[in-house]
Structures are given as C-alpha cells and as structure tokens.
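**Q** Sharing a structure below in structure tokens format, with a few things to ask.
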Amino acid sequence: MEPNPRSQTPETPDHESQDSETQQQPLEIAKPFPIASISLSLSSLLSPHLLLSTKKASLSPFSHLKIPSQISSLVHLSLSSSSTKPSSKTSTPSRVANSPLQSPSPLLRRRPADPSHSAAGRRCTVVWFRADLRVHDNEALTAATNDSLSLLPVYLFDPRDYGKSSSGFDKTGPYRATFLLQSVANLRRSLRERGSDLVVRVGRAETVLVELARAVGADAVYAHREVSHDEVRAEERVTKAMEEEGMEVKYFWGSTLYHIDDLPFEVEQMPSNYGGFREKVQRVAVRKTIEALDQIKGLPSRGDVDPGEIPSLVDLGLNPAPTMSLDGKPSMNASLVGGETEALERLKKFAAECRAQPNKGEGTRDSIYGANFSCKISPWLAMGCLSPRFMYEDLKKTATSAISASSTPKTGAAAADNGMNWLIFELLWRDFFRFITKKYSSIKKKIEAEPATACTSALV
C-alpha cells in the first residue's frame, strides 16, 4: 500500500485542529489571497488571539471559535509576509473551484490588450491613401487611428500611372490629373485641421512606402483595396516588400455601396450580367457609414519625416489643361473642383434640388434629377472623395424628409421613392462594374499563375 503523503508532513496540533474544522466548512480557499497589502490590513483589524495560534489549543481562550477558511488563509499570508524564516507547513489543498478569492480581483487584474486602446495597439501605422481621398467613411483611416499611437498618412504619385500607354494615349490626362491634385490638397487640409498631416511623394509604392515605414519604425500599412489589374499588382508588390521587412499589410473595402463581404456569392462566381447581379443583391443590407473623426493621431516623432510638396502637372509630365473647348466655350471639365469638401457641397446642393423638384410622374427617371438630369457626382465617387454609402444615406434622409414635409403624402412618397429607386439603380450599376472588374482581374491573376504544362496537357 502506498504511503499517505499527508502523513509524511509534520504538522502541529493547532494545524490539525484547523484542518478538522475546515472539513466542516462548506467553502474553502485553495490559495492565499495574492495581494499582501490587503491581507495585512485585514489582519490588523483582527485580534492577535485570532491571528496567532498557541502551542496548545486547549489553553487558548478562543479555541471554541470557528474561524472562516478565508480568514484562515489570510492568517497564513500575514505570518509568512512578516516572518523572515519560511514556514515548513504546507497549505491544505482546496476542493472549491469557484471561490471568488481563488483568482485575483477583476479590478486589480491587468486588462488584456485591446486594439481600440492605443497604448495596447501599434506603435505607428502607415495609412496609404489611394482612391479614398476622404476623411468620412474611411475604415482604413479610422482603424489605424484606433489601433496606433501615431499615424503616417501617405499619398503617392506613381510614375507608372502617367505617361503614354501602349496604345499611345495618356494614362492620366491633364483634366483628371488636375482634379486629383486638387483632391490631394483638400485631403491634406482636412487632416491638418484634425491634428495630422499628409505625406506626399512621387515614386513607386513598393519602394517609397518601405523607406517611410522603416524611417518612422512603423508596424503596419493600412489601405483600401482596388479592383483593376494594375492596382491589384501594386498591392501584391507592396505586400511582398512589407513582409520582407517584417511589417503587416492590412486591406479594407470601401469603394462600393454593398460591402464585398456581404455579397451572397464569391466574386469569382458572381453573375456576368447586371440583371442576375441585381436579383441576387437586392436583399443585401447596406452597411452604415463610418463618421469622420474629429481628431486624428499626429505624425510620429521618430524619423522627422517632411510632408513634402504636392507636385504640379509639369512635375508629372503633363501640360496644363485648356480652359476653353474647341468651339470657344468654357470647358466643362475645367469647372470641376476636386476634393471632399466640394463633393459634400455638391451632394448638399443635389439634395436641395431633389426636395424642390416636383414629381414628374411615377416611373420616370427625371423625378429626381438635379443639374441637367444628373447628379454630376461621378468624378468625386471615382476619386473616393465621396463614399457611395454616405451618398445613399444622405439622400435617403432627404427622401424621408420629403415624405414627411409633403402636403400630399402619397405624391411625396412616390416622388421620393422614384428618386431613391433611380439613385440605387445608378449605384448598383457602379457596383456591378467594380465587382465584375475584380472578378476578371482575379481570373487573370489565376491564369498567369498557372504553369504552362496545365494548358498544354489539356490539349493532348
């Protein structure tokens, strides 16, 4: 028969009496309370006769009292913390697993790392702006602000996006480049108003981003995904370069009305016609927009990065765009001003026109038409100066207020519904083209990754 381990441990009579009394208690504590200061303060409130046991239990005037097991554990802690000589007595194992004193107090326990608290998040995050030149409804910017102690917002003018294409046309024309330069300048002003800034460089993303991240000691790069083939290839190059430096690249989605993760199908299996696409997504809910931040984390002190100057058209290899058309009239493109501020003003003006226009008849597209039977907001949507979800929510509020303020609710509701249906119809077409572009960009990527033997073997 194996020896009883308890019999091998010498114990004094008072410890044996405590152990026998402990067996009568419904609750016991397995471990002494870990905070010594609390146990010592409790011990100072108790009588020395309760804390110090005598050699003989029968001689103690309090030997008939039953001390709760919690206080008994505190007694051992008080004695061990005040004595310079370690005790040879072993503590009694606990048979209670759910005692509130078994683990440290939740008020004193160290809180786990929470990404929403900058002290527990990243040291610095590079926010790579692309076709998302706005502060409102910008998930990458908001997430980086919540996750990091400092931010490095960056916009890059990649030389590969300018010059002539293989067919001889300008990759980026002077009108579009002017609109882009204005949008970048407006974004910089918005960031500076919120305590941050925008670093502008001319160069390749996979090279410049690595240099900037290394200079400031960044942990990660946050950016929004794009859909075209060249943009996807740029993402791949940046991801590879950052991973070689041991930095994380995190991408977000924010260029469509419907979020890509909410689609009822994989993008590679999406219908190739608009009717099939519309039928499948008509019951998908539109996500709520992310409000613009009042304050944004500033630039990191490390590296002393210069924000840089915004280039001119000449710096990008382009000539200034003509302000007059061939027929001598002012150019329509020259009157467009880029930037988030102008986009929100245009949307506000368009919403006011929607409320002022009478109903042209149920089922007509001009029941909500704005300037020249169009909202004329596409350029700002394309540059990301305006979020399609924000536009949808804002005009939805306009339609609701039009219904509430109409003297003939039925007519007002019809006009608002027609306008919203037309707006959703247009935004759905935009979503369809962006998702279909991503679909075939992904297919092209897979085809390029296939080995040559996979194609030749099918012909044998």
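Throughout, read-outs are computed from the coordinates displayed, never taken from laboratory work. All values derive from a computational prediction rather than experimental measurement. Neighbour counts are summed over all protein chains in view; Cβ atoms, including those assigned to glycine, are modelled from backbone coordinates with ideal geometry.
**Q** Using the Cα centre of region 120-281 as origin and beta-carbon charges of +1 (Lys, Arg) and -1 (Asp, Glu), tell me which of S166, S272, Y222 is placed farthest towards the positive end of the dipole.
**A** S166
**Q** Run the numbers for K376 and F433: contour at 0.36 nm per residue of separation, minus the present Cα-Cα distance, in nm.
**A** The span from K376 to F433 would gain 18.7 nm if fully extended.
**Q** With r defined as the distance between the Cβ atoms of K250 and L326 and R0 fixed at 41 Å, what FRET efficiency is calculated, to the nearest 0.05?
**A** 0.30
**Q** Enumerate the residues in region 147-173 having an amide nitrogen under 16 Å from the point lying 7 Å beyond the Cα of S301 toward its Cβ.
**A** Answer for region 147-173: 149-151.
**Q** 7 Å from Cα along Cα→Cβ at both S272 and S312: what's the point-to-point distance in nm?
**A** 4.9
**Q** How would S441, S378 line up from fewest to most surrounding beta-carbon atoms within 10 angstrom?
**A** Lowest to highest Cβ neighbour count: S378, S441.
**Q** Using the structure shown, select from K288/K348; K329/K349; K329/K376; K297/K396; K349/K396; K288/K396 the pairs with a Cα to Cα distance greater than 23 angstrom.
**A** Those over the limit are K329/K349; K297/K396.
**Q** Quick one: which of 254-267, 213-226 comes out on top by average Cβ neighbours within 10 Å, and what's the full order, highest first? Let's see the in-between values first.
**A** Values: 254-267: 16.5, 213-226: 20.5.
The densest-packed peptide leads the list: 213-226, 254-267.
**Q** Now for a separate question. Given the Cα-Cα distance of V202 and T172 and 0.36 nm per residue of separation, how much length would full extension add, in nm?
**A** Taking V202 through T172 to full extension adds about 9.3 nm, to one decimal.
**Q** Related question: Which FRET efficiency value, to the nearest 0.05, do you get for E279 and R233 by plugging their Cβ-Cβ distance into 1/(1 + (r/R0)^6) with R0 = 41 Å?
**A** Efficiency, rounded to the nearest 0.05: 0.80.
**Q** Distance in nm between label sites at D261 and R160, each 7 Å beyond Cα in the beta-carbon direction?
**A** Here the answer is 2.8 nm between the modelled labels.
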